[in-house]
Amino acid sequence: MLVSAAEMLKKAKAGKYAVGQFNINNLEWTKAVLLTAQENNSPVILGVSEGAGKYMGGYKTVVGMVNGMLEELKITVPVALHLDHGSYDHCYKCIEAGFSSVMFDGSHYSIEENVAKTTELVAAAHAKGLSIEAEVGSIGGEEDGVVGMGECADPNECKMVADLGVDFLAAGIGNIHGKYPANWAGLSFETLDAIQKLTGDMPLVLHGGTGIPTEMIQEAISLGVAKINVNTECQLTFAAATRKYIEAGKDLEGKGFDPRKLLGPGFEAIKATVKEKMEIFGSVNKA
């Protein structure tokens, strides 16, 4: 059964560890993340971007697939299904489709409009028992066609949004989506510390978890980060394993590739990546 992410993240912040959000793009990715979470007794959040939701056939299709896997694979650890970087309209679509959590990314609006829309969505999500994440200060890089410059959020604006009743807050602290460039300045722990002091027990979210050095991740967790998003690293490991299998020329029998065999190496690569991240985040045996 899908659960809200609120309780698992409160527990994570209190326990000084983080829950991983691993974005899913198909059946294999979903199965790999769920099995790894179960094997490591770790709570987990399945992230779905708007583009991934469309690719997989729509939000109701995603909900049906995930709920089916929870039952068939006998998954007992806490699992939240979360809309990642959702627009105002798509948050409502996911609330109705059966997601257990949504993120409203209002960072590109003025703070006044961000506050107004977030206020409305908090009421709609909580009425259905969903958790809700908000964002202040855009996350750098590109994800699903959304480009941000990686600005640092204003701590006072973070408090304004946190006070609206959101369950967790994504605040830009110099983090970016995708691979980090060689000249990346690193995370602004000064900003993160200031945000935590103003938002209190609010679990904070670190987007762009791929490529951030382990010591930076651990310091971010010590300053209130309770949820860390990982997508690009799964994409890279999945692609590399699949490419290696194809280049090896295996499974060619004049009929092309057996898709189950073709996607097998990528499936195992994602499992390994998710396990590694769960160990770094400290969520193993925290279910």
> Is it possible to state the helix-based mean residue ellipticity at 222 nm for the chain, with each DSSP H run of 4+ residues giving -39500 (n - 2.57), the sum divided by total residues, to the nearest 500 deg cm²/dmol? What is it?
Replying inline: -14500 deg cm²/dmol
> Quick one: helix 232-247 against the long Cα principal axis of the chain, what's the angle to the nearest 10°, folded into 0 to 90?
Replying inline: 10 degrees
> Where does the longest stretch of the chain lie that holds no trypsin sites (Lys or Arg not before Pro) found in a DSSP loop with 14 or fewer other Cβ atoms within 10 Å?
Replying inline: 180-249
> For the Cα atoms of the chain, what angle does the longest principal axis make with the long axis of helix 59-72, in degrees from 0 to 90, nearest 10?
Replying inline: 70 degrees
> Taking a 19 Å limit on the Cα-Cα distance, which of the listed pairs K227/K277; K117/K159; K11/K93; K244/K271 fall beyond it?
Replying inline: K11/K93
>> Taking 8 Å as the Cα distance limit and 6 or more residues as the minimum spacing, I'd like the relative contact order of the chain as a percentage.
In response: 22 percent
>> Over all directions, the average projected area of the alpha-carbon convex hull for the chain comes to how many nm²?
In response: 14.5 nm²
> So what's the angle, to the nearest 10 degrees on a 0 to 90 scale, between helix 88-97 and the longest Cα principal axis of the chain?
Replying inline: 60 degrees
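Ranked highest first by the average count of other Cβ atoms within 10 Å around their residues, in what order do 76-84, 166-174 fall? Could the numbers behind the result be given before it?
Values: 76-84: 23.9, 166-174: 25.9.
Per-residue mean Cβ counts within 10 Å order the peptides as 166-174, 76-84.
Values in this text are rule-based calculations from the coordinates and carry no lab data. As the structure is a computational prediction, the values presented were derived from the model and not from experiment. Cβ sites come from the backbone with ideal geometry, for glycine too, and all protein chains shown count toward neighbours.
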